[in-house]
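The values are calculated or read from the model by the stated rules, or taken from the named source; none is laboratory data. Since the model is a prediction, treat every value here as computed from it, not as a measurement. When we count neighbours, we look across all protein chains shown, and the Cβ atoms used for this are built from the backbone with ideal geometry, even at glycine.
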Amino acid sequence: MTDKTMTPEDVVGRLRSGMTIGIGGWGSRRKPMALVRALLRSEITDLTVISYGGPDIGMLAAARRIRRLVTAFVTLDSIPLEPHYRAARQRGDFALTEIDEAMFMWGLHAAANRLPFLPVRAGLGSDVMRVNPELRTVTSPYDDGEEFVAVPALRMDAALVHLNRADRRGNGQYLGPDPYFDDLFCQSADAAYVSCDQLVETAELTKDAAPQTLLVARHSVTGVVEAPNGAHFTSCAPDHGRDEAFQRMYAGTPWDEFAGRFLAGAGESDYQRAVQAWHKEQQ
């Protein structure tokens, strides 16, 4: 079997400006932040980003790496609206396609199944259709004649997700309460990269956990990165909760100041050391 282990820098080395990138997780929960930070250390820009957005979007927006965003929301969960995202939107830094959460999900399903679109009821009669005039409707070919929104497939050049555990072959496991559609992100992309808190042997994945926790299968994964605490400051239950103190600081700190202290290092280990130093200062 192929060993698919990589470093965050290896992953980013396979990405290019102008790509469409999907980012898994949900809000400020289990985001592949180590991979996002590696992306921010690169020169890659002009991205179309697809995400149930959290600080991944806030950081990429603040760094002006996004050309178009496709999302259902951008939130820090305990802080309702991601402030760096809000500032970028107010500046008009990028185009926005904002759709209903269910529409987003079915766009992922369409892409994962290599369909051009899927019909959904969500969005009809709402301003989603007004603010997204490119959306189309379709009529059922059967006797009911019902009208649906034709949600286009959310195809991606690459997907980035974070899971609790993975093996070297690309099988990924979540241990928390929610899969957050990370499997669909991987299946919707031409290449998928999984970071994980712990890299383990394949047999360990099912030793103490139910088979359905094996969310991501190796056939849909291009590379695996072991990144302990790699979802920080978002949660990665049950391994760790959200770092609320750090998140509040992030939300209230000017971007250049935050990036200068926490993102200017050469790699992920520099970020983790900077976070530890900040926490010691708060004691």
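Annotations
- Matching residues, segment 40-86, being touching a residue at least 40 places away in the same chain (Cβ under 8 Å) and farther than 25 Å from PHE181 by Cα: ARG41, ALA62, ALA63
- Candidates SER17, SER51: the one that is farther than 23 Å from TRP106 by Cβ, touching a strand residue (DSSP E or B) at 6+ places or on another chain (Cβ under 9 Å) and among the hydroxyl-bearing types (Ser, Thr, Tyr) is SER17.
- Residue within segment 168-178 that is within 19 Å of LEU35 (Cβ to Cβ) and assigned to a strand (DSSP E or B) present: yes
- Residue match in segment 33-42 (condition: in contact with a Ser or Thr (Cβ under 7 Å, 6 or more places away or on another chain) and closer than 19 Å to PRO80 by Cβ): no
- Residues satisfying the criterion are present in segment 190-207 (criterion: in the same structural domain as SER220 (by TED's automatic domain parsing), polar (S, T, N, Q), part of a strand (DSSP E or B) and farther than 27 Å from ARG114 by Cα).
- Wholly within segment 1-102, strands (runs of 3 or more DSSP E) carrying at least 1 residues that are buried (at least 22 other Cβ atoms within 10 Å of the Cβ) and either in contact with a His (Cβ under 8 Å, 6 or more places away or on another chain) or in the same structural domain as LEU160 (by TED's automatic domain parsing) (or both): 20-23, 47-51, 66-71
- Selection count, segment 138-167, where residues are under 27 Å from MET6 (Cβ atoms) and either without any contact (Cβ under 8 Å) to a residue 40 or more places away in the chain or part of a strand (DSSP E or B) (or both): 11
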